[in-house]
Amino acid sequence: MRKIIVTSCKGGVGKSTVCVGIAAALANLGKRVLLIDFDLGNRSLDLMLGLEDAVLYDICDLALDRVGADSALLIHPQFPNLAFIGAPFRYEGGLTKENFGHALSLLEETRDFDFILIDTSGGAHESVALSAPFCETGLIVSSQNPTSIRAAEKSGLILDEFGVKEQRLIINGFDMQKESLGKRAGVIEMIDRTHTPLCGIIPLDARLTLLSEQGRTAFDGGKTNARRAFENIAGRLCGENIPLLTGFSGIRRKQFLYS
């Protein structure tokens, strides 16, 4: 089982969209996946997964022994291998590293998961401090915005403090239009500035935002570059050596990388 924290010190970079896309891609590969919404006080994954009417209990209910793991877990109707547990609508405190660890243990005992993805709150939030110590891998999400890149660098330092040794950068909402290349931070520059190896690039795609608002995933939008990006990231997390931009259409790799 591999526990992965998805984080950024800056809100609005698309962490939740990234979490949903990767979780769906892993489940589509046949991996057993648990997706935890740990954005305390600002939950959104239930909406993005189309499960808002099904959520009765949340991660706090499980951690504080108010409910059992079987009752707290939801199975996505489109992806039978994808389980979900939501965040509280209103977080009033009470979580500790110990009882969050207790919740993880209960979840692990209930299902034999291959991956657990934890979507955290934006910023250097309590949710990061509570969950990072249990994770082997950190996925740091950044856009091309200068403040987002700086936040990604800071996120890496925070994960260092909690002992998350394997850190990977995911560039979200990357503008691949020819007129934008060279005017905004490029891939090599972002890797250098964040000091973090790259795990994948998700292209800017308005359709992805619309699908999220409708409670649907990138797998409902046809064979887009965004969908292929999530598939590539999932494959890399499973140990496959997948070159950057594999399967993307309409992209010149050399011009894109070194813009």
Check your understanding: Give me the pairs: first residue in segment 1-15 and small (Gly, Ala, Ser), second residue part of a strand (DSSP E or B), beta-carbon distance under 8 Å, and six or more apart or on different chains, which are they?
Key -> 8/140; 8/141; 8/142; 14/141; 14/172; 14/173; 14/202
Review point. Name the pairs: first residue in segment 124-144 and free of Cβ contacts under 8 Å to residues at least 40 places away in the same chain, second residue surrounded by fewer than 24 Cβ atoms within 10 Å (Cβ to Cβ) and assigned to a loop (DSSP other than H, G, I, E, B), Cβ to Cβ under 6 Å, at least 6 apart or on different chains?
Key: 133/162
Review point. Residue 206 fails exactly one of the following numbered conditions: (1) farther than 20 Å from residue 29 by Cα; (2) among the hydrophobic types (A, V, I, L, M, F, W, C); (3) touching a residue at least 12 places away in the same chain (Cβ under 8 Å). What is the number of that condition?
Key: (3)
Review point. Going by the structure shown, is residue 35 among the hydrophobic types (A, V, I, L, M, F, W, C) and farther than 23 Å from residue 239 by Cβ?
Key: no
Review point. Quick check, is residue 156 touching a strand residue (DSSP E or B) at 6+ places or on another chain (Cβ under 7 Å), surrounded by fewer than 22 Cβ atoms within 10 Å (Cβ to Cβ), in contact (Cβ under 8 Å) with a residue 12 or more places away in the chain and assigned to a helix (DSSP H, G or I)?
Key: yes
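Every number in this text was worked out from the coordinates using simple rules, so none of it is lab data. The structure presented is a predicted model; accordingly, all values stated were derived computationally and were not measured. Virtual Cβ from ideal backbone geometry, glycine too; neighbours counted across all protein chains shown.
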